[in-house]
Amino acid sequence: MGLKTFPGGIHPHHSKKYSENASIEEMTLPKKVVIPLSQHIGAPAKPIVKVGDEVLVGQKIAEAGGFVSISMHSSISGKVSKIGKFHHPAGTMADAIEITGDGEDNWIELVDDSVEDLSIEELKKRISEAGVCGMGGAGFPTHVKLSPPAENPIDTVILNGVECEPYLTADYRIMLENAEEIIAGLKLLMSAVNASKGIIGVEANKPKAINHLKELTKNEPNIKVVGLKVKYPQGAEKQLIYAATKCKVPNKGGLPMAVGVVVQNVATAIAVYEAARYKKPLVERVITISGKIVKDPKNIKARVGTFYQDLLEYCGGTSSEIAKVISGGPMMGFAVPTLETPMTKTSSGVLLFDSKEAHKDDENTCLRCGRCVDVCPMNLVPSLIVNDVKYDDFDGALKYGALDCVKCGSCAYVCPSHIKLIQWIDIAKIKIAEKNRK
Amino acid sequence: MNKIYAVSAAPHVKQKISVSSVMWQVVMALVPALAVAVYFFGIQALMLSLYGVTAAVVTEGLIQKFRGVAVTVKDGSAVLTGLLVSFNINVAAPWWIPVVGAIFAIAIGKQVFGGLGFNVFNPALLARAFLVASWPTLMTSGWIPTNMNSLSGITNFADLSTKAQDLITSATPLGVAKTIRNIDFLGASDTSIVMNKLAEIATLKNLFWGNVGGVIGEVSVAALLIGAAFLAYKHIIEWRIPVSYISTVFVLTYIFGGVDGLFSASLLLPVFHVFAGGLMLGAFFMATDMVTSPVTKKGRIIFGIGCGLITVVIRLVGGYPEGVSYSILLMNIFVPLIDRFSIPKAFGEVKK
Ligand code: SF4
Ligand code: SF4
């Protein structure tokens, strides 16, 4: 079938069966949350509260640290109990604000405006005030994406509903259960950048979501729902843009705006809609808790800052011993050392693996089989990059495309020698950056 | 609650594939070819293969012990090398030929370079070259016909001169093709009759099923294709090298293959050249050897075309009837260079 897609890519087992039929459940309020100051790309936010302060749900507790940054809001009502280093979903320790709940759920005052009447300025201001960032992965501040320079007019907004990472089903569920808000959010995004076209890209293995969205947009001539071939990484920004528009985003740091496109995740569209209509800050999101050993895998609407431990308890715990905890999807997610890690605005999932699934393989020598070359969606030569890195030849690594790697992990997925390609390529990236600085 | 879990880098799921699964699958893909050889030449084909495999495994194990590195004979790569060495040997050869070949392949072809992944040349082909140089008669003559009494694949030749009949019953298909390129050998009229017989359907059928003389692994096109299809399905070999190799041979032998100048051959002659000799074995199982072929996609095509070119030059103008193994060995030398000069443009590369 002539479904749209991109060159390269792999077909990992999608493992979505655990949670794909679980309707979104709103979780009980956590007793404590930890809100990292850096949940996004750009400067960390700066705290504007101190220990002991009383806060409401939605109250700003940290101000954006610059234009490319976002502000943070409390996700429960209670007291600021600590400001300091906490575990972060990226597997590191990072600055965060801890809030101990008061058991109530007292919100700041929200509004209910008619979104059609908002000026573009007011719309962008509300998005920025609400601390919205891309909720699909990297967490790029949304208001920045919506402010392209004049020389890059935008004609298309693409909503990313691909969710190509195995296990994750949060986006799928919101496309089924909150499609109206997604479409309303898309329209707002389109008007914010004056785009004439809107596209919602969904992988073809989610026919229910595709049909539902198509049904709801059948009277919207400017909005198209596009079914995409099931292939990883179909949801990577450049690959999605290519599949949906046949435009190639220039590499070496090129941005989607260069081809007149802005991409946002479907969850972000909802956050934008709520920010515009209710002035509601981004303090909760849907997250998938899954894995073979999870007793009751779920898609949970939970507050930002909720500990993985609490999320897992809400799912009934695990049936056997946990060996690995993953923030996000299994292809690009981070393994974290503890369940005392808080979810953030970009947390799409938490996966729990047992020792069999967490199986570790030793690296062998490269067979030069070329499988990594065949699957790389960026058309790089991963094996030769790694080879050059091993011999400290970073110019060579650069030539084979080290800087264009999007870390999708396809190469490592197919490598028979179990070479940790992404880590080697990361070393190349760091070394090349160091050299450029000199 | 404060339990600490081991962390590791993404991706956290991986395809179920390993060096040994790759190697064993290639070995499995060669079994049909071996089975056909046993069918046409008897149990000796199997015995020679077992000698080669055993020698390769023992040599690899001993050398690895001696070098003090992990013994990896279970990964199937030594088995594969031993099998491929034996596949390049005449069924009539004595038992020690595959043994010496396999020892050479492992010791000189592989371990001297540092083991799997570091060798420059295809070890099995290097061993074959060594055997041919050391025992040329054992390696390149004394061919025996199949149990259906076919050697060159031509089975109806009663109407020919005795000299032509002698040739047909004593040479392999490529041997016949080579000999008659010297028109004076049979005279113009017999040459063209034999030429036609080489490329007629009956002969091609024999070549396809394996009812011809030759080295153990190369005789049956059908069996090799089954194995190749399996590997392609499993994404272990990729189409670029075999397809560019075989099509180059096809096109060039069509243009230059006839004995009366350019384009004088029938369209079946290139088919003969593709089916005959070691091309199928070479294109699908030797040129595609991962370690000794380019990793870039463009590089694989260049490599395949290069192999095809050299093969045809050797077959049509060189001193040997067959050129597959030398062509691959020669191209092996250029692999690093090919990789360097065929770096692909990254997705979204800005056109200048
Ligand atoms: S090299 Fe980078 S972009 Fe290419 S497959 Fe590997 S991780 Fe993905
Ligand atoms: S997939 Fe692994 S073994 Fe094969 S060429 Fe790439 S890095 Fe080497």
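The values are calculated or read from the model by the stated rules, or taken from the named source; none is laboratory data. Note that this is a predicted model, so its numbers are computed, not measured. Using ideal geometry, Cβ is built from the backbone for each residue, glycine included, and neighbour counts are taken over all protein chains shown.
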For the structure I just gave you, tell me whether residue B:66 is touching a residue at least 12 places away in the same chain (Cβ under 8 Å), more than 21 Å from residue A:368 (Cβ to Cβ) and in the same structural domain as residue B:110 (by TED's automatic domain parsing).
no
If a residue has to be within 14 Å of chain A (Cβ to nearest Cβ) and out of contact with any helix residue (DSSP H, G or I) (no Cβ under 6 Å at 6 or more places or on another chain) to count, how many in region B:92-119 make the cut?
5
Region A:2-22 - residue that is over 22 Å from residue A:409 (Cα atoms) and in contact (Cβ under 8 Å) with a residue 40 or more places away in the chain and, of those, nearest to the other protein chains (Cβ to nearest Cβ):
A:18
For region A:397-419, enumerate the residues that are within 11 Å of ligand 1 (Cβ to nearest atom) and not in a helix (DSSP H, G or I).
A:400, A:401, A:405, A:406, A:407, A:408, A:409, A:415, A:419
Failed condition for residue A:409, given (1) at pLDDT below 90; (2) within 28 Å of the chain's Cα centre (by Cα); (3) at the interface with chain B (Cβ under 8 Å from one of its Cβ atoms), with all others met?
(1)
Among the residues of region A:167-209, count how many are part of a loop (DSSP other than H, G, I, E, B) and farther than 25 Å from residue A:330 by Cα.
4
Taking the criterion of being within 13 Å of ligand 1 (Cβ to nearest atom), among the β-branched types (Val, Ile, Thr) and assigned to a helix (DSSP H, G or I), would at least one residue in region A:428-436 satisfy it?
no
Scanning region A:1-48 residue by residue, the ones that are of a type in the set (Val, Ile, Thr), loosely packed, with under 15 Cβ neighbours inside 10 Å and touching a strand residue (DSSP E or B) at 6+ places or on another chain (Cβ under 6 Å) total 1
In region A:105-145, how many residues are modelled with pLDDT under 90 and assigned to a loop (DSSP other than H, G, I, E, B)?
7
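Rundown of residues vs (1) at the interface with another protein chain (Cβ under 10 Å from one of its Cβ atoms); (2) crowded, with 18+ Cβ neighbours inside 10 Å; (3) not hydrophobic (A, V, I, L, M, F, W, C), yes/no style:
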| site | (1), (2), (3) |
| --- | --- |
| B:30 | no, yes, no |
| B:36 | no, yes, no |
| B:43 | no, no, no |
| B:49 | no, yes, yes |
| B:57 | no, yes, no |
| B:61 | no, no, yes |
Within region A:362-374, considering residues that are within 9 Å of ligand 2 (Cβ to nearest atom) and over 29 Å from the mean Cα position of the chain (by Cα), the one nearest to residue A:405 (Cα to Cα)
A:370
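Per-residue answers, yes or no, for (1) within 14 Å of chain A (Cβ to nearest Cβ); (2) of a type outside the set (Val, Ile, Thr); (3) part of a loop (DSSP other than H, G, I, E, B); (4) under 22 Å from residue B:175 (Cβ atoms):
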residue: B:225; (1), (2), (3), (4): no, yes, no, no
residue: B:229; (1), (2), (3), (4): no, yes, no, no
residue: B:237; (1), (2), (3), (4): yes, no, yes, no
residue: B:252; (1), (2), (3), (4): no, yes, no, yes
residue: B:299; (1), (2), (3), (4): yes, yes, no, no
residue: B:313; (1), (2), (3), (4): no, no, no, yes
Can you find even one residue in region A:2-11 that is closer than 23 Å to residue A:90 by Cβ and part of a loop (DSSP other than H, G, I, E, B)?
no
Just one listed residue, out of A:393, A:362, is among the acidic types (Asp, Glu), in contact (Cβ under 8 Å) with a residue 24 or more places away in the chain, more than 16 Å from ligand 1 (Cβ to nearest atom) and not assigned by TED's automatic domain parsing to the domain that holds residue A:39, and it is A:362
I'm checking my understanding of the structure. Among residues of region B:120-139 that are part of a loop (DSSP other than H, G, I, E, B) and surrounded by fewer than 23 Cβ atoms within 10 Å (Cβ to Cβ), which one is nearest to the other protein chains (Cβ to nearest Cβ)?
B:120
In region A:375-396, which residue that is away from ligand 2 (no atom under 13 Å from the Cβ) and in a helix (DSSP H, G or I) is nearest to the other protein chains (Cβ to nearest Cβ)?
A:396
Verdict on residue A:101 being of a type outside the set (A, V, I, L, M), more than 14 Å from chain B (Cβ to nearest Cβ), over 29 Å from residue A:183 (Cα atoms) and surrounded by 20 or more Cβ atoms within 10 Å (Cβ to Cβ)
yes
Answer yes or no: is there a residue in region A:331-354 that is within 16 Å of ligand 1 (Cβ to nearest atom) and among the aliphatic types (A, V, I, L, M).
yes
Could you check how many residues of region A:348-402 are crowded, with 18+ Cβ neighbours inside 10 Å, within 30 Å of residue A:287 (Cα to Cα) and either touching a Ser or Thr at 6+ places or on another chain (Cβ under 7 Å) or of a type in the set (Phe, Trp, Tyr) (or both)?
9
Checking residue A:372 against (1) assigned to a helix (DSSP H, G or I); (2) more than 7 Å from ligand 1 (Cβ to nearest atom); (3) farther than 14 Å from residue B:9 by Cβ, which single condition isn't satisfied?
(2)
